Amino acid sequence: MGDKVKKPINYVAADAKIGKNVRIWHFAYVGSKTIIGDNVKIGSLAHVDYDVRVGSGTMIEGGVYIPPLSRIGKKVFIGPAAVLTNDPYPPSKRMVGVVIEDGAVIGARAVIRAGVRVGKRSVVAMGAVVTKDVPPGKVVMGIPARVKFDRKEFDSKMKQWESGS
């Protein structure tokens, strides 16, 4: 009866800069020198490593790994268990982050190779393995990921799905 319930613990580095209205769920990690914009959600078990930039309005779902040096734009969605990498030849001494531009969508369990740029408003389908840059406004899927259609068609399919037709 006198036992206290312990609250889940997150780790946020002392020198990380966290914007307004940021929600960080259970057991998440935010590394040193990372900057998180306003109105960002970081899901449970997500790992946002050191020297990462995350733009305002971004949603990072549970189990996501974002490596050092990555740059995430504004209003980006990163689905559950997606993995960005920063070493194309592990374990090398040289690293490079991933860049995900504003408005992009990264599906669940997608894997993105070090040094790749995911263009503005592009979509990476769930489970895709991205080895090359993704052009702005395009939808890529598969292993390796290839362009299948454009964002306009994706948005149309989403609206149709949401309407139940």
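Quick notes
- Whole-Å distance, taken between Cα centres, linking segment 78-93 and segment 105-165: 18 Å
- Span per principal axis, largest first, for the Cα atoms of the chain (Å): 57, 47, 26
- Relative contact order computed over segment 81-165 (Cα-Cα under 8 Å; 6+ residues apart), in percent: 20 percent
- Listed cross-link partners 74/159; 17/132; 93/132 are compared with a 24 Å cut-off, the Cα-Cα value being larger for 17/132.
- Average Cα contact separation per residue, segment 11-163, under 8 Å, 6 or more apart, as relative contact order %: 12 percent
- Segment 105-145 has equivalent-ellipsoid semi-axes of 13, 11, 8 Å, by the square roots of 5 times the alpha carbon gyration tensor eigenvalues, sorted largest first.
None of the figures in this text is laboratory data; all of them are computed from the coordinates on show. On a predicted model such as this, the values are computed, not experimentally measured, just so you know.
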